[in-house]
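The values are calculated or read from the model by the stated rules, or taken from the named source; none is laboratory data. Source: prediction; values computed, not measured. Note that each Cβ is placed from the backbone with ideal geometry, even for glycine, and that neighbours are counted across all protein chains shown.
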Amino acid sequence: MRTDIQTMDLRSDTVTRPNLSMRQAMASAKVGDDVYGDDPGAIELQKIAAEVSGKDAALFVSSGTQSNLIALLCHCQRGEEYIVGQDAHTYKYEAGGAAVLGSIQPQPIEFEADGSLALKKISKVIKPDDSHFAISRLLCLENTQAGKVLPQSYILQAAKLCKEKGLKFHLDGARICNAALASNATVKQLVEPFDSVSICLSKGLGAPIGSVLCGDVEFIHKAKRWRKMLGGGMRQVGIIAAAGIIALTENLNDLSKDHKRSKWLASELEKISSVEVLSTATNMIFVKFKQEDSNKLVKNFTESNILVSMENDGASRLVMHRDIDDEMIARFINLVKKA
Ligand SMILES: *Cc1c(COP(=O)(O)O)cnc(C)c1O
């Protein structure tokens with residue numbers, strides 16, 4: 001690693017580091033004991049999260065994985081199932097927690113190209129009341145899904161289906177703030193049809209740690225017990241809640257810069273013949289570099305302090321976030337052009 005140029009980390013928006021404003025808020029945070037329910041920072045963050053999501057209540061949790069798991073545990077009993085995308089984070093990237101810790105059976109189905117789960121496919125896997133079957137209990141969607149924003153008209157139809165079939169409706173809204181920005185809507189409007197929503201503070205919003213789980217009062221009451229059981233009851237949590245507050249208030253307004261940069265970078269990459277831009281939405285660009293170039297590219301990137309995750313076939317996801325600036329993007333474009 002060189003020390004004369006700043007690292008450009010394109011692997012994910014999870015790599016964002018707390019900014020000065022966050023660090024100052026953390027240093028001066030008033031704290032209590034959140035397990036006793038008297039940490040002022042956690043109380044304030046949860047109030048803000050409830051307002052942003054338009055839900056009655058919210059719970060500050062240690063990660064998005066814990067947040068989704070708690071939601072699944074609240075909605076589904078042992079021997080019940082949830083319908084979810086085959087490549088959904090809750091199913092594929094959370095170590096099978098719902099099955100392992102909740103005895104909840106996942107019923108995965110393929111995502112459509114737009115990130116939705118086809119209503120017909122959902123209907124088809126909802127089980128009738130028959131002793132052969134697990135009890136279908138919950139539908140879980142993801143927004144954004146691989147950077148894509150789900151059409152709100154689709155979400156309303158999915159909500160209607162859930163009502164008809166007696167399913168609960170959870171949103172893995174890790175990047176729902178990006179979805180809201182891209183669709184010119186509020187988070188509250190986008191998540192209104194859901195019973196519960198999980199929102200990551202530690203991605204594009206830049207907090208070092210944490211997610212918020214939002215829902216009605218009864219749901220959050222249950223969620224608190226599951227959080228405790230999972231070891232997520234933290235004490236002087238105001239230290240990190242302080243950063244979460246900055247995430248949901250100040251940093252929220254910066255996400256538009258990431259979307260602009262993602263458009264800019266995508267348009268520059270499109271001009272380079274050896275790169276195929278597969279898709280771009282919100283803060284993510286999916287590209288394919290020529291397979292024969294990929295080893296050399298990764299080497300060149302590494303030498304220039306650029307971190308990129310790349311498959312063996314040259315496929316790569318480039319993620320924009322608040323620790324990437326225009327100078328870095330120009331550097332990246334030049335490198336790709338040279339290669
Ligand atoms: C990042 C992410 C999560 C949660 O991840 P953690 O690393 O546990 O905070 C959940 N869902 C989606 C879609 C994500 O991208």
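Is it fair to say G115 is within 28 Å of M229 (Cβ to Cβ) and of a type outside the set (A, V, I, L, M, F, W, C)?
no
Just for the stretch 281-316: of the residues that are among the basic types (K, R) and without any contact (Cβ under 8 Å) to a residue 40 or more places away in the chain, which one is nearest to L150 (Cα to Cα)?
K288
Here is a check on your reading of the model: is K121 charged (D, E, K, R), away from the ligand (no atom under 16 Å from the Cβ), outside any helix (DSSP H, G or I) and over 16 Å from the mean Cα position of the chain (by Cα)? Before the answer, list the steps.
Numbers: charged (D, E, K, R): yes; away from the ligand (no atom under 16 Å from the Cβ): yes; outside any helix (DSSP H, G or I): no; over 16 Å from the mean Cα position of the chain (by Cα): yes.
No, not satisfied.
Within the stretch 231-252, identify whether any single residue is free of Cβ contacts under 8 Å to residues at least 40 places away in the same chain, over 19 Å from L171 (Cβ atoms), away from the ligand (no atom under 16 Å from the Cβ) and out of contact with any strand residue (DSSP E or B) (no Cβ under 7 Å at 6 or more places or on another chain), and answer yes or no.
No, that holds for no residue.
Given the residues L161, L138, L150, which is the only one that is over 22 Å from I70 (Cα atoms) and not in a loop (DSSP other than H, G, I, E, B)?
Within the list L161, L138, L150, the selection yields L161.
Taking the stretch 75-108, which residues are over 19 Å from the mean Cα position of the chain (by Cα), among the hydrophobic types (A, V, I, L, M, F, W, C) and either surrounded by fewer than 19 Cβ atoms within 10 Å (Cβ to Cβ) or within 16 Å of the ligand (Cβ to nearest atom) (or both)?
A99, V100, L101
Here is a check on your reading of the model: is I70 in contact (Cβ under 8 Å) with a residue 24 or more places away in the chain, farther than 24 Å from T186 by Cα and either surrounded by 24 or more Cβ atoms within 10 Å (Cβ to Cβ) or of a type outside the set (V, I, T) (or both)? Walk me through it before giving the result.
Details: in contact (Cβ under 8 Å) with a residue 24 or more places away in the chain: yes; farther than 24 Å from T186 by Cα: yes; either surrounded by 24 or more Cβ atoms within 10 Å (Cβ to Cβ) or of a type outside the set (V, I, T) (or both): yes.
The answer is yes for I70.
For the stretch 230-238, state whether one or more residues are outside any strand (DSSP E or B), within 18 Å of the chain's Cα centre (by Cα) and of a type in the set (A, V, I, L, M, F, W, C).
First pass over the stretch 230-238, keeping only residues outside any strand (DSSP E or B): 230-238.
Those still in the list that are within 18 Å of the chain's Cα centre (by Cα) too: none.
Checked the stretch 230-238: no residue is outside any strand (DSSP E or B), within 18 Å of the chain's Cα centre (by Cα) and of a type in the set (A, V, I, L, M, F, W, C).
A quick yes/no check of all residues on (1) in contact with an Asp or Glu (Cβ under 8 Å, 6 or more places away or on another chain); (2) exposed (fewer than 15 other Cβ atoms within 10 Å of the Cβ); (3) at positive phi:
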| residue | (1), (2), (3) |
| --- | --- |
| D4 | no, yes, no |
| M8 | no, no, no |
| T16 | yes, no, no |
| L20 | no, yes, no |
| Q24 | no, yes, no |
| A27 | no, yes, no |
| V31 | yes, no, no |
| Y36 | no, yes, no |
| D39 | yes, no, no |
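So for the stretch 272-291 (the condition being part of a helix (DSSP H, G or I), in contact with a strand residue (DSSP E or B) (Cβ under 6 Å, 6 or more places away or on another chain) and of a type in the set (G, A, S)), does at least one residue qualify?
no
Return the pairs, sorted by first residue and then second, in which the second residue is of a type in the set (A, V, I, L, M, F, W, C) and more than 10 Å from the ligand (Cβ to nearest atom), the first residue lies in the stretch 74-93 and is on the phi > 0 side of the Ramachandran plot, the beta carbons are less than 9 Å apart, and the residues are 6+ apart or on different chains.
From residues that are on the phi > 0 side of the Ramachandran plot, the pairs are G79/I104; G79/A134; G79/I135.
Report, by residue number, each residue of the stretch 41-74 that is more than 20 Å from the chain's Cα centre (by Cα) and either among the aliphatic types (A, V, I, L, M) or within 12 Å of G97 (Cβ to Cβ) (or both).
Hits for the stretch 41-74 are A42, I43.
Listed residues S12, S53; which is surrounded by 21 or more Cβ atoms within 10 Å (Cβ to Cβ), within 16 Å of the ligand (Cβ to nearest atom) and of a type in the set (S, T, Y)?
Details: S12 fails: surrounded by 21 or more Cβ atoms within 10 Å (Cβ to Cβ).
None of the other options fit; the residue is S53.
Quick one: in the stretch 184-224, of everything that is within 13 Å of the ligand (Cβ to nearest atom) and assigned to a strand (DSSP E or B), which residue is surrounded by the fewest Cβ atoms within 10 Å (Cβ to Cβ)?
C200
Answer yes if at least one residue in the stretch 168-176 is farther than 18 Å from N68 by Cβ and modelled with pLDDT of 95 or more, and no otherwise.
Checked against the condition, which is being farther than 18 Å from N68 by Cβ and modelled with pLDDT of 95 or more, the stretch 168-176 yields no hits at all.
Across the stretch 126-165, which residue is surrounded by the fewest Cβ atoms within 10 Å (Cβ to Cβ) among those that are away from the ligand (no atom under 13 Å from the Cβ) and small (G, A, S)?
Checking each candidate, the answer is S131.
Specify the residue that is nearest to the ligand (Cβ to nearest atom); the eligible residues are those in the stretch 166-183 that are within 19 Å of A223 (Cβ to Cβ), not in a helix (DSSP H, G or I) and not small (G, A, S).
Here is the first cut: in the stretch 166-183, the ones within 19 Å of A223 (Cβ to Cβ) are 167-174, 176.
Applying the additional criterion that residues be not in a helix (DSSP H, G or I) yields 167-174.
Adding the requirement that they be not small (G, A, S) leaves 167-172.
Details: L167: 20, K168: 18, F169: 16, H170: 11, L171: 10, D172: 5 Å.
Checked the stretch 166-183; the qualifying residue nearest to the ligand (Cβ to nearest atom) is D172.
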